[in-house]
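What follows is calculated from the coordinates using simple rules that are stated; it is not laboratory data. Just so it is clear, the model here is predicted, and its values are computed rather than measured. In this analysis, Cβ positions are derived from the backbone assuming ideal geometry, glycine residues included, and neighbour counts consider all displayed protein chains.
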Amino acid sequence: MILLTNDDGIYARGLWALYEELSQLGEVAVVAPESEQSAVGHAITLTNPLRVKKVTLDGVEGWAVSGTPADCVKIALGELLPQAPEMVVSGINLGPNVGINVLYSGTVSAATEASILGVRGMAVSLNSYKGSADFATAARLARETLVRLQGWAGWASNGVCLNVNLPALPADRVLGLRFTRQDVGPLTEHFERRVDPREHVYYWLAEIAERRDPDPETDYGALAAGFISVTPIHHDLTDYRSLETLKTEKW
């Protein structure tokens, strides 16, 4: 069984396009947030109850959860599914999750939560913010990528999951697959200042500008060049070089 979730919400087009493709591989269970949870990171719900309800779309049943993507994975494995899934797939996210965005992403956090719980996890994002994005092609590319990688021995080893980013291109224009590292360059952000009808000032994060000449070895660079980017990521945030340096210093 594959557990399918996302952060765009259970009614998102990307989720159901991926469901259609993954169903070719076997049983798929859908447990996703009842509303959009973009950029919630790895948040979990503590001060409110989690409410779960069944929904049916085009004859397919799923569970809508009043929580975050990480909540969805936790409650699916702990309560909703009769047995642990073989893997968790999160997506398809509308918009890429590369570079520093990985830290903010609810999509990636669902896959990370799976790896923490000892289940293979894969996050899938599409390099487009357009509502008319071609999720059918993206879902097919995601399935093909999963099939190629499902035998990888390192998956879920020591908490590793895979972060996959797909170019928003016709399939015949995708240049292939690259294994990449996470880009760590800073984001270039812009806040738009506005005033509401009652003359209260508010701000809207309006733009995250692209950087010039990205490193082709990174997720950001590979995706910009037209490749599918696959990045193994880990929830252990320890900087081991600094740790060893601290241990050798006299304090």
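Quick notes on this one:
- Gain upon complete extension [Leu81, Arg173; 0.36 nm per residue less C-alpha separation]: 29.3 nm
- Order of Val108, Val184 - criterion: other Cβ atoms within 10 Å of each residue's Cβ, fewest first: Val184, Val108
- Centroid-to-centroid, using Cα positions, segment 163-217 and segment 1-50 are 22 Å apart.
- Treating r as the C-beta distance of Arg211 and Tyr129 and R0 as 22 Å, the FRET efficiency rounds to 0.80.
- Within the same chain, lysines fewer than 8 places from Lys250 are excluded, and of the rest, none has a Cα less than 29 Å from its Cα.
- Reciprocal mean inverse distance between Cα atoms of the chain - Kirkwood radius, Å: 18.9 Å
- The residues packed around Leu126, meaning those with a beta-carbon under 11 Å from its beta-carbon, carry a net charge of 0 if Lys and Arg are +1 and Asp and Glu are -1.
- For the chain, built as a Gaussian network whose Cα springs stay under 10 Å, the top-fluctuating residue of Ala123, Ala224, Ala110: Ala224
- Across Ser35, Ser132, Ser109, mean-square fluctuation computed from a Gaussian network of the chain (C-alpha pairs under 10 Å connected) peaks at Ser132.
- Each semi-axis of the equivalent ellipsoid for segment 169-235 is √(5λ) with λ an eigenvalue of the Cα gyration tensor; in descending order they amount to 34, 15, 11 Å.
- Order of His235, His42, His200 - criterion: other Cβ atoms within 10 Å of each residue's Cβ, fewest first: His200, His235, His42
- Neighbour-count ranking [beta-carbon atoms within 10 angstrom, fewest first] of Cys72, Cys161: Cys161, Cys72
- HN-Hα J in Hz across segment 122-131 - Karplus 6.51, -1.76, 1.60, θ = phi - 60°, x for Gly and Pro: 9, 9, 10, 9, 10, 7, 7, 10, 7, x
- Relative contact order (percent, whole number), the chain, Cα cutoff 8 Å, 6+ residue spacing: 17 percent
- Under the Karplus curve 6.51 cos²θ - 1.76 cosθ + 1.60, θ = phi - 60°, whole-Hz ³J(HN,Hα) for segment 167-180, x wherever Gly or Pro sits: x, 8, 10, x, 4, 6, 9, 6, 7, x, 10, 10, 8, 10
- 10 Å binning of all Cα-Cα separations within segment 1-115, expressed as whole percents from 0 upward: 16, 53, 29, 3
- The distance from the alpha carbon centre of segment 73-87 to that of segment 128-142 is 27 Å, rounded to a whole number.
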